[in-house]
Every structure is written in structure tokens, then in C-alpha cells.
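The values are calculated or read from the model by the stated rules, or taken from the named source; none is laboratory data. Everything quoted here is computed from the prediction, not taken from an experiment. Positions of Cβ are backbone-derived with ideal geometry, glycine not excepted, and every protein chain shown enters the neighbour counts.
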């Protein structure tokens, strides 16, 4: 299957679902990203700040870039001037740095808070009580806007485990949507679902899916 066909099939699948398709272009060459671009796709996600910065410099400026990988505080400065959304905020230290770099870039940076829902300890993310504590401090960071949650399910073939984890994340999302927060918190985005599990995520109310392999095939370069 070609990138063109893959993009078109996914867009048809998500049509009417109020779910944004983020094409994960990590380790993919410029040529493949441009194939998707020429099909009208404008939303791409990267896992590494320096690779994201490099692609932003080289590619058309109407692309909406999302940072979806684990974020190190010392790398925020590379993407702060242009990134559309950081999906992976998992600590107060990182939130502070994003605010600092947003101030320097003179822009408010939209962020999602990453929740740990998987059975694997290796995955990053906040516990729900840590999330609530962090939300109480967001008002102190005027150059940050928290717009929702992100989570990654366990890497497993057992769909019931994935469904339970995504359902829990959706429950957290719904609980937060019903609360009143400071003006720089607006809970509206739920980023969950990747190539292997996005149909379950969409079924449970995801507003953003992060899909790489099902668009580009296996990664072709190291990075």
C-alpha cells in the first residue's frame, strides 16, 4: 500500500469521528513526509526535539507539528518557538521549563498532560493524583495552556487490556472536563491510540490518534 492510499483510508475511517490524525514521522525521510503533505495532510508528530526542529526548518511552514515523545527539559528550547502541541508533559519541572521557553518565544504553548495507564512500568506518565496536584499549579505558568490528556496503552495483543486502559483514561478525561479550572486549562483533547490500537481508542472517544507505521510503513532511517 502507498502512503497516499494509507492516508486516504485512515481519513475515511476517521471521517465524522471528530478525531484528528497525527502522522508520526519519526525517523522518516523528508520525501515520505512530503508524499503525505501532497495528499493534503498537514499534521505530523515527532518523538525527538532536534529531529522535529530540523524538519520544521526544512519543510513547509503550514505544517502543524506535534511533539509526542518523552520530553527532556533541556530540549524544550529547540521547539518552543513553533510547536503546535506537546503531548507528553509528565512533571512540574517540565511544565516550568515549557513556561520559561514560551516566555522567551513570546507565545503560549499548548500542552497535554501524560497519564500512566499501561501495565508496563517503562512507560512515562503521571498517576491520577499527581495529575490533579499538577493542575493546581498551572495558573502559575502563563505561557502554558493545558488542553487535555495523553496516554499509551500496554503493548499487548489482548484487546480487553487495551480497552480497559483507554476506558480509564477516558474516565479521567470526562471527570476533568466537568471541573472548573483556571483560564489556562481547557480540557478538550484526548490523545490516545496508535497504529496497533487506534480503532479501540477511537471507539472510546479519542480526539487525536498518533499513527506512523500504518501510514509510512516500517521506519527507514535511524535517529
key: Residues satisfying the stated conditions in segment 148-158, i.e. farther than 12 Å from residue 208 by Cα and either in contact with a strand residue (DSSP E or B) (Cβ under 6 Å, 6 or more places away or on another chain) or surrounded by fewer than 17 Cβ atoms within 10 Å (Cβ to Cβ) (or both)   = 154, 155, 156, 157, 158
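Which residues, counting only those in segment 34-50, are touching a helix residue (DSSP H, G or I) at 6+ places or on another chain (Cβ under 7 Å) and buried (at least 20 other Cβ atoms within 10 Å of the Cβ)? Break it down stepwise before answering.
The first filter runs over segment 34-50 and keeps only residues touching a helix residue (DSSP H, G or I) at 6+ places or on another chain (Cβ under 7 Å), leaving 35-36, 39, 41, 44, 46, 49-50.
36, 41, 44, 46, 49 - these are the residues of segment 34-50 that are touching a helix residue (DSSP H, G or I) at 6+ places or on another chain (Cβ under 7 Å) and buried (at least 20 other Cβ atoms within 10 Å of the Cβ).
From 206, 191, which residue is more than 27 Å from residue 77 (Cα to Cα), under 17 Å from the mean Cα position of the chain (by Cα) and modelled with pLDDT of 95 or more?
Working: 191 fails: more than 27 Å from residue 77 (Cα to Cα).
Step by step, each of 206, 191 is checked, and only 206 is more than 27 Å from residue 77 (Cα to Cα), under 17 Å from the mean Cα position of the chain (by Cα) and modelled with pLDDT of 95 or more.
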note = Residue hits (segment 3-37; in contact (Cβ under 8 Å) with a residue 24 or more places away in the chain and farther than 23 Å from residue 201 by Cβ) are 4, 29, 30, 32, 33, 34, 35, 37
note = Screening 60, 110 for residues that are at pLDDT 95 or above and surrounded by fewer than 16 Cβ atoms within 10 Å (Cβ to Cβ) leaves only 60
